[in-house]
Structure formats: C-alpha cells, structure tokens
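Student: Before anything else, here's the structure in question.
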Amino acid sequence: MNKNSIGERNLSTIGQQAFRLNERANGEPLRVLSEADWRFWRENGYIVIKKAVDAEQADRLQKLMWEFEELDPADPSTWYPPLKSQLRKTELSFNAGMIELYNHQYLWDARQTPRVHQAFADVWGTEKLWVSIDRMNFNLPPEPGFVFKSFMHWDYDPDTDPQNVQGVLAVNDQLDEEVGGFVCVPELYRNYAEWRREQPDNWDWYRPDVSQFQFVNVYLEKGDLLIFNSKLCHGIRQNKSKDKVRLAQYISMMPAQEGNQALRDWRIRSWSERLAPEGYSLHGDPRNWEQTKYRRAVLTALGEKLLGLSPWQE
C-alpha cells in the first residue's frame with residue numbers, strides 16, 4: 001500500500017487533490033475561530049479549539065478505550081499483555097498505541113458535535129464536509145524491554161502539496177510534560193520551500209532530519225481539539241511517566257464528495273456494518289467486537305450529512 005497519497009492512507013477520506021483549504025480571500029466570516037485564531041492557524045499550521053466536546057463526552061470515550069483494550073486503568077501491570085507487547089515490537093500502529101475501534105456510538109458522538117464540525121468548516125471554508133472514519137490512540141508509559149521512540153515526520157509526502165487537515169481530540173488532559181503529546185515544527189512549515197531545496201535527492205520525508213529547527217510542544221485539556229495542516233511536520237513526544245496515559249481520538253473532515261457514489265456507499269457500509277476502513281497501517285480488530293458487542297451508532301441530522309447518508313442541501 002502506497003502511503004504517499006491521502007486516499008490510500010484511509011479510504012474513508014478524500015482521494016483527490018481538487019479541494020483547497022480556506023484562504024478567506026474576501027474576508028468571509030468565521031464560525032468558531034476568532035480572527036486571532038485564524039492568523040495563528042495561517043502562520044503556524046495548527047490551531048487548538050478549546051472545549052470542542054464537553055467533559056462528559058470525553059469521559060465516556062475514556063471509559064470505552066479501557067474497556068475495548070481489556071485493560072484496568074487502575075492497574076498498570078495489566079497494560080502490557082503478551083500479545084500486544086509482541087505486536088508493539090513489530091507493528092508501528094501498535095507501537096504508537098492505535099486502538100482498532102472506528103464506528104462506536106461515542107466516536108460518532110464526537111464527530112457529529114456541532115462545534116467540531118464548525119471548526120473544520122472554518123479551515124475549509126465550507127460546511128459541506130464529510131468526516132473521517134478513524135480510530136483512537138493510547139500513548140502508554142514505557143514497558144520493560146521496549147520503548148516507543150517518537151520521530152518527526154509527515155504523514156503525506158509534502159512535495160505533493162497535500163490539501164488536507166488532520167485532527168486530534170484530547171480524551172484526557174495532556175498538560176503533564178512526562179505524559180508526552182503532540183509536537184510540531186511551525187518554523188519549517190513557514191520555510192519549507194527554502195529548506196527543501198537544500199535536501200539531498202534521497203531524503204526521506206517520513207524520517208527527515210529537522211534537528212536544526214525549534215520544536216513546539218502543544219498541550220491540550222480534556223475535550224480540546226487540535227487541527228493541523230498535513231504540511232506541518234509533527235510527532236508524538238514519548239511518554240516518560242510511570243503510570244500515566246495519553247488518550248486521543250483522531251477526527252478530521254474534508255469537503256464532501258457527493259458525486260463519488262462508490263466512496264459514499266463504502267462509507268455508509270462502514271458505519272452500518274461497523275467495518276474498519278482499508279488503508280495503510282489500518283488493521284481492524286480480530287475479535288470483531290464492533291460487530292458482536294456494540295450496536296450501530298445513531299446519527300443526528302448533522303451526523304448523517306457528515307457520513308454521506310444524507311446530502312448537503314444547496
């Protein structure tokens with residue numbers, strides 16, 4: 001699977017480069033972002049939406065994550081079962097703590113929260129969006145004999161000028177320096193073209209040497225939503241604590257492709273049958289808990305549009 005293109009990373013998302021991010025050429029009004037937020041977003045390539053979901057929603061997600069992983073939040077000795085310890089040593093997704101849960105009601109509740117949608121509408125310049133069908137993440141403390149070491153990277157080849165945004169919803173507070181969290185390089189975002197001209201022909205965009213730049217740590221409170229431009233080089237700081245966990249849900253949105261019937265049908269089937277997306281590094285849950293243990297998520301009118309079940313009206 002080619003990891004260079006947006007559509008091949010996760011088939012629930014866009015597969016073309018026809019869309020452009022909002023530039024507000026005519027000073028169009030904002031919905032959630034302030035003017036100061038907008039300037040920060042344009043200059044740094046990321047923005048934090050405070051209290052994008054309420055604390056109760058985040059708490060439900062947190063409880064679900066522990067339940068789905070069959071771990072006891074009060075007992076760190078349960079956090080490293082043998083099977084998952086082995087997977088973490090061989091699969092990057094498990095190294096980073098990916099949780100193979102995609103269509104649970106609580107995930108959809110976050111996706112169809114109006115404030116979340118309106119924030120993405122600001123960065124795209126349209127309310128007619130589809131939401132990604134993505135998963136959650138545990139960033140655990142180091143286990144004996146193995147440590148996941150963070151690295152700075154892009155998720156898409158930046159030379160392709162990806163018109164895409166990514167999002168991380170904080171399921172718990174991420175203010176403790178020890179617990180790790182999102183780190184990025186806004187200086188490189190602003191000066192990419194100049195820096196790129198100096199790179200060798202065989203440079204690796206997934207493992208670039210960006211050590212000459214200043215890294216910026218982004219701290220989030222429970223319920224905050226981080227949105228970042230896919231052209232922003234980023235990583236996850238290593239969890240160096242003994243008994244603390246960073247919890248997150250990945251949420252992004254992109255302009256709806258209502259003319260792409262095959263993609264629309266696939267998205268609806270993923271929601272209806274609780275299927276994991278197909279794409280680079282997406283594995284699914286071998287226990288099939290989404291099909292056997294959880295019900296189909298109930299969607300609001302907004303949620304139906306964000307999925308593609310209902311059309312956006314002209």
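Student: For segment 235-250, check the following and say yes or no: at least one residue is closer than 27 Å to A18 by Cα, part of a loop (DSSP other than H, G, I, E, B) and touching a helix residue (DSSP H, G or I) at 6+ places or on another chain (Cβ under 9 Å).
Tutor: Within segment 235-250, not a single residue is closer than 27 Å to A18 by Cα, part of a loop (DSSP other than H, G, I, E, B) and touching a helix residue (DSSP H, G or I) at 6+ places or on another chain (Cβ under 9 Å).
Student: Let me confirm something: among K231, K240, which residue is farther than 28 Å from W124 by Cα, among the charged types (D, E, K, R) and touching a Gly at 6+ places or on another chain (Cβ under 9 Å)?
Tutor: Only one candidate qualifies: K240.
Student: Keeping to segment 200-226, report how many residues are in contact (Cβ under 8 Å) with a residue 12 or more places away in the chain, assigned to a loop (DSSP other than H, G, I, E, B) and of a type outside the set (A, V, I, L, M, F, W, C). Lay out the reasoning, then the answer.
Tutor: We begin by selecting, within segment 200-226, every residue in contact (Cβ under 8 Å) with a residue 12 or more places away in the chain; these are 205-208, 210, 213-226.
Those still in the list that are assigned to a loop (DSSP other than H, G, I, E, B) too: 205-208, 210, 213-215, 218-219, 221-224.
Now restrict to residues that are of a type outside the set (A, V, I, L, M, F, W, C): 206-208, 214, 219, 221-224.
Total meeting the criteria: 9.
Student: While we're looking at this one, here's another question. Please determine whether any residue of segment 203-216 is touching a strand residue (DSSP E or B) at 6+ places or on another chain (Cβ under 9 Å) and polar (S, T, N, Q).
Tutor: No, the conditions are met nowhere in segment 203-216.
Student: Please give the number of the condition G259 fails out of (1) assigned to a loop (DSSP other than H, G, I, E, B); (2) touching a residue at least 24 places away in the same chain (Cβ under 8 Å).
Tutor: Going through the list (1) assigned to a loop (DSSP other than H, G, I, E, B); (2) touching a residue at least 24 places away in the same chain (Cβ under 8 Å), G259 breaks only (2).
Student: Taking the options V179, V183, V131, V168, name whichever one is closer than 27 Å to R246 by Cβ, without any contact (Cβ under 8 Å) to a residue 60 or more places away in the chain and either touching a strand residue (DSSP E or B) at 6+ places or on another chain (Cβ under 9 Å) or of a type in the set (K, R) (or both).
Tutor: On the way: V179 fails: without any contact (Cβ under 8 Å) to a residue 60 or more places away in the chain; V131 fails: without any contact (Cβ under 8 Å) to a residue 60 or more places away in the chain; V168 fails: without any contact (Cβ under 8 Å) to a residue 60 or more places away in the chain.
Step by step, each of V179, V183, V131, V168 is checked, and only V183 is closer than 27 Å to R246 by Cβ, without any contact (Cβ under 8 Å) to a residue 60 or more places away in the chain and either touching a strand residue (DSSP E or B) at 6+ places or on another chain (Cβ under 9 Å) or of a type in the set (K, R) (or both).
Student: How many residues are modelled with pLDDT of 90 or more and β-branched (V, I, T) if we restrict to segment 6-59? If you could, list the steps in order and put the result at the bottom.
Tutor: Taking segment 6-59 as the starting set, the residues that turn out to be modelled with pLDDT of 90 or more are 19-59.
With the extra rule that they be β-branched (V, I, T), the set shrinks to 32, 47-49, 53.
Selection size over segment 6-59: 5.
Student: Then there's this: Do you know which residues across segment 263-280 are at pLDDT below 95 and either assigned to a strand (DSSP E or B) or surrounded by fewer than 15 Cβ atoms within 10 Å (Cβ to Cβ) (or both)?
Tutor: Matches in segment 263-280: E278 only.
Student: Of everything in segment 207-262 that's surrounded by 19 or more Cβ atoms within 10 Å (Cβ to Cβ) and basic (K, R), which residue is nearest to D59 (Cα to Cα)?
Tutor: K222
Student: Can you work out which of the residues in segment 42-76 that are hydrophobic (A, V, I, L, M, F, W, C) and within 17 Å of the chain's Cα centre (by Cα) is nearest to V245 (Cα to Cα)? It would help to see each step written out before you state the result.
Tutor: Going residue by residue through segment 42-76, those that are hydrophobic (A, V, I, L, M, F, W, C) are 47-49, 52-53, 55, 58, 61, 64-66, 68, 71, 74.
Now narrow it down to the ones that are within 17 Å of the chain's Cα centre (by Cα): 47-49, 52-53, 58, 61, 65.
Working: I47: 23, V48: 20, I49: 22, A52: 21, V53: 20, A58: 14, L61: 14, M65: 11 Å.
Only one residue fits best here, namely M65.
Student: Can you say whether Y219 is over 26 Å from L140 (Cβ atoms) and touching a Leu at 6+ places or on another chain (Cβ under 6 Å), as far as the supplied structure shows?
Tutor: no
Student: Here is a further query. Is it the case that some residue within segment 176-187 is assigned to a helix (DSSP H, G or I), crowded, with 17+ Cβ neighbours inside 10 Å, modelled with pLDDT under 95 and over 17 Å from the mean Cα position of the chain (by Cα)? Before you say what the answer is, go through the steps one by one.
Tutor: Initially, segment 176-187 is screened for residues assigned to a helix (DSSP H, G or I), giving 177-179, 186-187.
Those still in the list that are crowded, with 17+ Cβ neighbours inside 10 Å too: 179, 186-187.
Now narrow it down to the ones that are modelled with pLDDT under 95: 179.
Retained after the next criterion (residues that are over 17 Å from the mean Cα position of the chain (by Cα)): 179.
Within segment 176-187 (the criterion being assigned to a helix (DSSP H, G or I), crowded, with 17+ Cβ neighbours inside 10 Å, modelled with pLDDT under 95 and over 17 Å from the mean Cα position of the chain (by Cα)), the answer is yes, since at least one residue qualifies.
The values are calculated or read from the model by the stated rules, or taken from the named source; none is laboratory data. Just so it is clear, the model here is predicted, and its values are computed rather than measured. Ideal geometry is used to build each Cβ from the backbone, glycine not excepted, and the neighbour counts take in all protein chains shown.
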